[in-house]
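Student: The structure is given below, and queries will be raised subsequently.
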Amino acid sequence: MAFEDYKNKPAVVIVYDGDGKGKTSACLGLTVRALGSGFKVAFAQFIKYWTVGEHRFIERIQSLYGQELVFHRGGRGFFQAGELSAAGVSDEEHRQAAAETYDFALRAAASGDYGLVVCDEINNAVADGLLTEEQLENLFKRRHGSTSLCLSGRDFPKRLLKYVDIATEMKKVKHHFDDRFLANKGIDY
């Protein structure tokens with residue numbers, strides 16, 4: 001097949017999955033590329049609620065991009081099914097925050113107003129039972145044909161790969177957390 005036989009897709013679905021570092025960083029890199037290409041971007045974050053480096057960065061560049069970059073910080077912190085990781089946040093509060101963030105992402109993806117919608121850590125929300133696989137499938141089905149969609153996090157449901165155009169697995173080879181070191185500001189968050 002010759003290069004001339006290839007064609008462009010109007011939009012794609014991208015998944016960054018796995019237990020390795022770099023999924024949110026890849027989402028941010030994709031956001032930078034999309035903004036630099038003139039796309040309007042909606043970025044929804046499903047887990048992190050405390051102020052991290054990417055929040056500060058997005059807040060600073062929003063003044064340059066105005067409504068071309070819309071950011072929704074919807075998480076309530078880390079959650080593990082049956083075991084609260086974020087102190088003082090109930091399971092129901094986690095579910096409610098995930099539902100509100102999902103509603104934002106669904107509206108953005110279905111609207112046709114955005115060239116890219118990023119759902120950072122949505123895979124975690126599904127794997128932890130805060131959202132369902134059916135909700136994720138609905139996001140794919142209702143996505144506007146001109147809107148690319150990027151999902152990140154751990155444990156993307158394999159049965160939904162049929163909706164995905166590009167899937168990358170970040171595989172951990174080694175991480176200092178396993179040696180009981182906390183995450184480094186500016187590097188890990």
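Student: Any aspartates and glutamates with Cα under 17 Å of the residue 174 Cα? List them, leaving off those in the same chain fewer than 8 positions away.
Tutor: Residue 174 reaches 17, 19, 188.
Student: Report, in degrees rounded to the nearest 10, the 0 to 90 angle that the Cα long axis of helix 23-36 makes with the longest principal axis of the chain.
Tutor: Tilt relative to the chain: about 40 degrees.
Student: Oh, and also: Helix 91-111 sits at what angle to the longest principal axis of the chain, using alpha carbons and giving 0 to 90 degrees rounded to 10?
Tutor: With rounding to tens, the tilt is 10 degrees.
Student: Here are some values of P(r) over Cα pairs in 10 Å bins from 0, in percent: (i) 10, 38, 41, 11, 0; (ii) 9, 36, 37, 15, 3, 0; (iii) 9, 36, 33, 16, 5, 0. Which one was computed from this structure?
Tutor: (ii)
Student: Could you go through region 117-126 in sequence order and give the Karplus-derived ³J(HN,Hα) for each residue, using 6.51 cos²θ - 1.76 cosθ + 1.60 with θ = phi - 60°, rounded to whole Hz, and x for Gly and Pro?
Tutor: Couplings: 10, 9, 10, 6, 6, 5, 4, 4, 4, 6 Hz.
Student: Give me, ordered by chain and number, the residues 5 or more places off residue 43 or on other chains with an amide H under 5 Å from its own placed amide H.
Tutor: 70, 71, 72, 118
Student: A further question on this structure: Antiparallel versus total DSSP beta bridges in the chain: what percent is that, nearest 5?
Tutor: Taking every DSSP beta bridge with both residues in the chain, the antiparallel ones total about 10 percent.
Student: Measure off, as a whole percent, the carbon and sulfur share of the 1.4 Å-probe accessible area of region 99-189, all protein chains present.
Tutor: The value for region 99-189 is 49 percent carbon and sulfur by accessible area.
Student: Take the alpha carbon atoms of region 137-151, find their center, do the same for region 95-115, and report the distance between the two centers in whole angstrom.
Tutor: One Cα centre to the other: 10 Å.
Student: Taking θ as phi - 60°, what are the ³J(HN,Hα) couplings along region 64-71 by the Karplus curve (6.51, -1.76, 1.60), each to the nearest whole Hz, with x for Gly and Pro?
Tutor: Working through the residues one at a time gives 6, 9, x, 6, 6, 10, 10, 10 Hz.
Student: What does the accessible area per residue of the chain come to in Å², with a 1.4 Å probe and no ligands, DNA or RNA counted?
Tutor: 57 Å²
The values are calculated or read from the model by the stated rules, or taken from the named source; none is laboratory data. Please read all numbers here as calculations on a predicted model, not as lab measurements. Accessible surface areas use protein heavy atoms only, side chains included; no ligands, DNA or RNA. Shrake-Rupley method; radii C 1.70, N 1.55, O 1.52, S 1.80 Å.
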